[in-house]
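Participant: A single structure is presented below for examination.
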Amino acid sequence: MEESDFITKRFIFLICQPLRGKKMPGSQPYIDVRIGGIKNPSGELDLTVGQYGRIAFPFELPDSGISKAHVDLEIISALLRDNPEGVRSIVQAVLSGDGAEVRRLSADMGLTESDFQAKGGGLFWAVVIVGVLCCASEAR
């Protein structure tokens, strides 16, 4: 197993921990999305930053969530097919920690949550479903 495969599997294991075991009263399943290790020079200090988000979702997946995720993934598929350089640019902006550029590219390419919602999607549903599928592949 390559090191990157191990890191990916470990990352998936860590974010999926809240989904393991029995449903507990008052608990809410979620997926953590983290990007870390972004170098941000600060004078003489070597600062490394990251971004973090938590997406909570209901215990029951509504039909509307599946429909929205379908729309989301169609939009993303078209973007990957029609504008691979744009995808590469936004990924590079995220990895370099350039938030202003990420926001500009997102708006220019129609990748904001409101853009997805205007087309009948809602990008977070795609993230939730893909995250759960990643966890399912690591189920023990």
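Participant: Answer rounded, prolate or oblate for the stretch 90-140, using the Cα gyration tensor with square roots of eigenvalues a ≥ b ≥ c: rounded when a/c is under 1.5, else prolate when a/b is larger than b/c, else oblate. Walk me through the intermediate numbers first.
Facilitator: Details: a/c = 4.50, a/b = 1.46, b/c = 3.08.
It is oblate, given that a/c is not under 1.5 and a/b is not larger than b/c.
Participant: Another question, then. What spacing in nm lies between the two simple spin-label points modelled at Gln117 and Asp32, each 7 Å away from Cα in the Cβ direction?
Facilitator: 2.7
Participant: Could you state how much accessible area Asp46 has, in square angstrom rounded to the nearest 10, with a 1.4 Å probe and all protein chains kept in place?
Facilitator: Per-residue accessible area (Asp46): approximately 110 Å².
Participant: Separate question: According to a simple spin-label model (label point 7 Å from Cα along Cα-to-Cβ), what is the distance in nm between Asp108 and Ala136?
Facilitator: 3.7
Participant: What list of ³J(HN,Hα) values in whole Hz, one per residue of the stretch 82-92 in order, does the Karplus curve 6.51 cos²θ - 1.76 cosθ + 1.60 (θ = phi - 60°) give from phi, with Gly and Pro shown as x?
Facilitator: 8, 9, x, 5, x, 4, 4, 5, 5, 4, 4
Participant: What is the stretch 42-140 by shape, rounded, prolate or oblate, if you read a ≥ b ≥ c off the alpha carbon gyration tensor as root eigenvalues and call it rounded for a/c under 1.5, prolate for a/b larger than b/c, and oblate otherwise?
Facilitator: It comes out oblate by the Cα gyration axes.
Participant: For Lys68, tell me the accessible area in Å² from a 1.4 Å probe, rounded to the nearest 10.
Facilitator: Result for Lys68: roughly 80 Å² accessible.
Participant: Let me ask something else. Around Arg54, what is the net charge, scoring Lys/Arg as +1 and Asp/Glu as -1 over all other residues with Cβ under 11 Å from its Cβ? Mind showing how you got there, number by number?
Facilitator: Values: positive: Arg34; negative: Asp32.
With Lys, Arg at +1 and Asp, Glu at -1, the net is 0.
Participant: Multiplying the sequence separation of Leu45 and Asn83 by 0.36 nm and subtracting their Cα-Cα distance, what value in nm do you get? Walk me through the numbers on the way to the answer.
Facilitator: Numbers: separation 38, 0.36 × 38 = 13.68 nm, distance 3.70 nm.
Length difference between fully extended and current span is 10.0 nm.
Participant: Of Ile75, Gly97, Phe59, which is farthest on the positive side of the dipole of the stretch 55-104, counting Cα position, with +1 on Lys and Arg Cβ, -1 on Asp and Glu Cβ, and the Cα centre as origin?
Facilitator: Gly97
The values are calculated or read from the model by the stated rules, or taken from the named source; none is laboratory data. Every value quoted in this text rests on a predicted model; they were computed, and no experiment measured them. Heads up, the Cβs are rebuilt from the backbone with ideal geometry, glycines too, and the neighbour counts pull from every protein chain shown. Heads up: the accessible areas ignore ligands, DNA and RNA and are worked out on the full protein's heavy atoms, side chains in. Shrake-Rupley method; radii C 1.70, N 1.55, O 1.52, S 1.80 Å.
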